[in-house]
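The values are calculated or read from the model by the stated rules, or taken from the named source; none is laboratory data. All of these numbers come straight from a predicted model, not from anything done at the bench. Don't worry about glycine lacking a Cβ; one is built from the backbone with ideal geometry, like all the others, and counts go over all protein chains shown.
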Amino acid sequence: MKIAVTYENGQIFQHFGHTSQFKVYEVEDGKIVKSEVVDTNGSGHGALAGFLGAYGIEVLICGGIGGGAQMALAQAGIRLFGGVSGDADAAVEALIGGNLEFNPNVQCNHHGHGHDHGEGHTCGSHGCGSHNHGEGGCGSHGCH
């Protein structure tokens, strides 16, 4: 299994679309057998899913991620564990051990609003309009 983590200075970088590096882990028999830091070369949101797909990534661990990027990852067949922070290596170990804490409804910052999002923000607090987010999350009604 190949796992990628948005990466900066050993920590999980919190904005998927702005990450300049991924740390890529190869896992066999429940152990990390290889890891390397790869540079995204400034790829933006849309290109990052293709970048991960080209590397054969099956799982992504990240902090914040927007709806469009989530859809691109889903189309690429990459499982997403978002809303994760802290040490990148520890997160991968937790995932392998089956006890990674993540947020299945993670959202990214709303670009251009300039807000500093604290823990647990909801889209409704930013005047995105509809509060009926349904299954698709905020990205489905274009609030980004």
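Quick one: would you say Gln107 is modelled with pLDDT of 60 or more, in a helix (DSSP H, G or I) and among the polar types (S, T, N, Q)?
Numbers: modelled with pLDDT of 60 or more: yes; in a helix (DSSP H, G or I): no; among the polar types (S, T, N, Q): yes.
It is false that Gln107 is modelled with pLDDT of 60 or more, in a helix (DSSP H, G or I) and among the polar types (S, T, N, Q).
Can you tell me which condition Arg79 does not meet? The list is (1) closer than 23 Å to Gly10 by Cα; (2) under 10 Å from the mean Cα position of the chain (by Cα); (3) surrounded by 17 or more Cβ atoms within 10 Å (Cβ to Cβ), and all the others hold.
(3)
Going through the stretch 13-37 one residue at a time, which ones are modelled with pLDDT of 95 or more and of a type in the set (Val, Ile, Thr)?
Selection gives Val24, Val27, Ile32, Val33, Val37.
All but one of (1) within 14 Å of the chain's Cα centre (by Cα); (2) within 12 Å of Ala4 (Cα to Cα); (3) part of a helix (DSSP H, G or I) hold for Asp89, so report the exception by its number.
Every listed condition holds for Asp89 apart from (1).
Limited to the stretch 1-37, what total is found for residues that are assigned to a strand (DSSP E or B), of a type in the set (Val, Ile, Thr), closer than 19 Å to Gly53 by Cα and under 12 Å from the mean Cα position of the chain (by Cα)? Break it down stepwise before answering.
So the first thing to find is which residues in the stretch 1-37 are assigned to a strand (DSSP E or B), and the list is 2-8, 11-12, 15, 21-28, 31-37.
Then keep just the ones that are of a type in the set (Val, Ile, Thr); that gives 3, 5-6, 12, 24, 27, 32-33, 37.
Filter once more, so that each one left must be closer than 19 Å to Gly53 by Cα: 3, 5-6, 24, 27, 37.
With the extra rule that they be under 12 Å from the mean Cα position of the chain (by Cα), the set shrinks to 3, 5-6.
Number of matching residues: 3.
All but one of (1) buried (at least 20 other Cβ atoms within 10 Å of the Cβ); (2) out of contact with any Leu (no Cβ under 9 Å at 6 or more places or on another chain); (3) polar (S, T, N, Q) hold for Gln21, so report the exception by its number.
Every listed condition holds for Gln21 apart from (1).
Restricting to the stretch 46-76, and then to whatever is over 12 Å from the mean Cα position of the chain (by Cα) and assigned to a loop (DSSP other than H, G, I, E, B), can you tell me which residue is surrounded by the most Cβ atoms within 10 Å (Cβ to Cβ)? Quick ask: steps written out before the conclusion?
First, pick out the residues of the stretch 46-76 that are over 12 Å from the mean Cα position of the chain (by Cα): 46-47, 50-51, 53-58, 75-76.
In the following step, the residues that additionally are assigned to a loop (DSSP other than H, G, I, E, B) were identified as 55-58, 76.
Details: Tyr55: 14, Gly56: 12, Ile57: 22, Glu58: 16, Ala76: 17.
So the residue we want is Ile57.
Please verify whether the stretch 37-45 includes one or more residues that are small (Gly, Ala, Ser) and surrounded by fewer than 16 Cβ atoms within 10 Å (Cβ to Cβ).
Kept after step one, since they are small (Gly, Ala, Ser), are these residues of the stretch 37-45: 42-44.
Still in the list and also surrounded by fewer than 16 Cβ atoms within 10 Å (Cβ to Cβ): 42, 44.
So far as the stretch 37-45 goes, yes, one or more of its residues are small (Gly, Ala, Ser) and surrounded by fewer than 16 Cβ atoms within 10 Å (Cβ to Cβ).
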